[in-house]
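Undergrad: Here's a structure for you.
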Amino acid sequence: MRLLEFQAKEVLSSYGFQIPHGVLIKKGETIPDVKLPCVLKVQIPAGGRGKSGGILFADTEEELKKRIDELFSKRVRGFPVHYILAEEKLNIASEYFISFIIDNSRRKEILIFSDKGGVDIEEVSRTEPDRVKSVVIKPFIGLQDYEVREVLSELSITGKRLLTLTGVIQKLYEVFHSLDATILEINPLVETEDGKFYIADVHFEIEDEALPRHPELKKFTSGFEEYIGFRPMTEIEKKAREIDAMDHRGVAGRFIEFDGNLGLLIGGGGASLTVFDAIRRYGGNPANYCEIGGNPSVKKVAELTKLLLSKPGVERIAVIMNVVSNTRVDLVARGVIKGILESGKDPSKVISVFRIPGAWEDEGIKILEKYGVRYLTREYSLDDAAKIAVGG
Ligand code: GDP
Ligand code: MN
């Protein structure tokens with residue numbers, strides 16, 4: 001779950017961080033009192049607003065009204081604007097970049113810090129790599145004060161500033177870690193001319209699977225829940241999500257609709273991206289991208305199959321996964337066959353290829369054979385399967 005900036009700031013404020021004073025303006029509602037001069041910030045689930053015209057300033061009442069109208073009437077980075085956060089304008093002396101993320105390759109939390117905040121950090125690490133520092137955080141031990149101070153010292157930050165920043169960084173780490181965040185990025189942390197530190201912008205995402213552990217976050221809805229990227233979800237995508245939520249078992253319904261005619265039921269992660277690309281390369285035209293795996297129930301797979309076949313123009317589907325140990329082949333086979341039969345169709349005609357080698361494979365094959373479905377064993381690569389799926 002990605003919190004919008006004003007929501008993330010509400011959370012951080014409850015932990016005692018200094019946040020610029022602000023009010024939320026909702027589209028279509030009367031404008032509350034705003035202290036001038038102010039900065040107006042569109043609330044969308046994306047960064048880079050400054051560069052895209054989503055951050056404006058207002059010094060007078062007249063400007064305020066004009067800018068608010070302007071922001072509500074446009075899309076910023078593809079997103080419509082439902083909310084604007086109006087905040088007191090800070091007198092910036094310095095801007096810092098602080099980010100906690102999970103480094104998936106190391107499987108560890110890391111801190112990234114730069115004394116050149118407020119701008120695109122990728123750009124800074126390209127042009128001035130010495131200004132971007134990172135710490136790989138030790139599991140179970142956590143971030144140590146000396147590790148933070150070392151990084152700050154390397155950037156010539158000393159004295160009171162060093163102590164204050166160390167405190168802010170440590171407290172942010174506590175929030176990041178305890179709320180099961182996948183990213184907590186402050187860009188910028190602003191130091192004002194009078195030496196105060198403010199969280200001026202924040203990108204905060206919580207691991208969805210951990211949300212049941214944080215009921216206090218339940219109230220946050222951004223209005224973008226039914227979006228995929230910056231477009232609203234389609235009806236089929238919404239239904240797929242409902243199917244996935246039918247029970248807790250496995251994944252069956254992480255779904256993105258495309259305008260092609262070949263339905264895809266493919267395993268998760270990198271393999272499914274590879275399969276998707278291969279199908280396109282062989283001239284196929286996917287109707288969707290859809291991940292399944294981790295032993296979804298037969299019912300979920302069947303419902304998903306029916307959903308796929310309900311899309312106009314979709315006559316054939318391809319079922320392709322890498323070698324699986326966490327998904328029973330027979331369950332998927334049974335679900336797919338059930339879905340096709342319940343759609344009133346013939347499995348041997350609908351399934352262009354079925355390639356899932358792995359657990360309970362023999363049972364799966366028996367089911368497929370019974371219905372005359374073409375299946376591939378692991379002797380055939382994902383690439384082979386993609387080629388066959390499009391008639392090659
Ligand atoms: P982003 O572009 O989506 O990351 O939005 P930010 O909230 O980070 O704003 C972009 C930039 O606008 C910041 O890095 C600042 O340079 C500037 N900015 C934002 N708020 C203020 C403010 O209160 N005062 C001043 N002077 N500049 C601000
Ligand atoms: Mn920012």
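Undergrad: Test of understanding: ordering His203, His248, His177 by Cβ neighbours within 10 Å, fewest first, what list do you get?
TA: Neighbour counts put them in this order, fewest first: His248, His177, His203.
Undergrad: Distance from the Cα centre of segment 135-174 to that of segment 269-294, in angstrom?
TA: If we compute the Cα centre of each part, the gap is 43 Å.
Undergrad: While we're here: Please say if segment 290-380 is rounded, prolate or oblate, where rounded means a/c under 1.5 for a ≥ b ≥ c the square roots of the C-alpha gyration tensor eigenvalues, and otherwise the choice is prolate for a/b larger than b/c and oblate otherwise?
TA: Prolate is the answer for segment 290-380, as a/c is 1.5 or above and a/b outweighs b/c.
Undergrad: Hey, fewest Cβ within 10 Å first, where do Ser352, Ser222 land in order?
TA: Arranged by neighbour count, lowest to highest, Ser352, Ser222 become Ser222, Ser352.
Undergrad: Which of Tyr173, Tyr146, Tyr15 ends up with the largest GNM mean-square fluctuation for the chain, with Cα atoms connected below 10 Å?
TA: Among Tyr173, Tyr146, Tyr15, the largest mean-square fluctuation in the Gaussian network model of the chain belongs to Tyr146.
Undergrad: If neighbour count is taken as other Cβ atoms inside 10 Å, put Asp103, Asp384 in order from fewest to most.
TA: So the ranking, lowest neighbour count to highest, is Asp103, Asp384.
Undergrad: Please give me, ordered by residue number, the trypsin sites (Lys or Arg not before Pro) of segment 101-175 that lie in loop per DSSP and have at most 16 other Cβ atoms within 10 Å.
TA: Passing both the DSSP loop test and the Cβ count: Arg106, Arg107.
Undergrad: Let me ask something else. For segment 219-257 and segment 58-81, write down the distance between their C-alpha centroids in whole Å.
TA: 30
Undergrad: Kindly point out which whole DSSP H helices in the chain project their C-alpha atoms 27 angstrom or further along the helix axis while averaging a Kyte-Doolittle hydropathy of -1.0 or above.
TA: Counting only whole DSSP H runs, the qualifying helices are 159-178.
Undergrad: May I pose another question? Which whole-number percent is the relative contact order of segment 1-130 (Cα, under 8 Å, 6+ apart)?
TA: Reported as a whole number, the value is 23 percent.
Undergrad: While we're on this one: Extension gain Arg106-Asp69, at 0.36 nm per residue separation less the Cα-Cα distance, in nm?
TA: 8.7 nm
Undergrad: Shifting gears a bit: Which of rounded, prolate or oblate describes segment 207-263 when judged by the alpha-carbon gyration tensor and an a/c cut-off of 1.5?
TA: In terms of gyration-tensor shape, oblate.
Undergrad: Only Cα pairs within less than 10 Å get springs; with that Gaussian network setup on the chain, which residue of Ser105, Ser325, Ser153 has the largest fluctuation?
TA: Among Ser105, Ser325, Ser153, the largest mean-square fluctuation in the Gaussian network model of the chain belongs to Ser105.
Undergrad: Report the number of Lys pairs in segment 1-87 whose alpha-carbons are under 18 Å apart, with separation of 8 or more residues or on distinct chains.
TA: Count of close lysine pairs: 20.
Undergrad: Now, a different point. Would you mind classifying segment 227-324 by shape? Square roots of the alpha carbon gyration tensor eigenvalues, ordered a ≥ b ≥ c; an a/c under 1.5 is rounded, otherwise it is prolate if a/b is larger than b/c and oblate if not.
TA: Here segment 227-324 falls in the rounded category.
Undergrad: Name the lysines eligible as straight-distance cross-link partners of Lys138: C-alpha to C-alpha under 18 Å, and not fewer than 8 places from it in the same chain.
TA: Filter leaves Lys108, Lys171.
Undergrad: Looking at the chain as a GNM with Cα springs under 10 Å, which of Asp201, Asp247, Asp180 has the largest mean-square fluctuation?
TA: Among Asp201, Asp247, Asp180, the largest GNM mean-square fluctuation belongs to Asp247.
Undergrad: Using only helices, what value at 222 nm comes out for the chain when you add -39,500 (n - 2.57) per DSSP H run of length 4 or more and divide by the total residues, to the nearest 500 deg cm²/dmol?
TA: -10000 deg cm²/dmol
FYI, it's all coordinate maths here, none of it is from the lab. What you see is a predicted model, and the numbers here were worked out from it, not measured in a lab. FYI the Cβ positions are ideal-geometry reconstructions off the backbone, even for glycines, and counts take in every protein chain you see.
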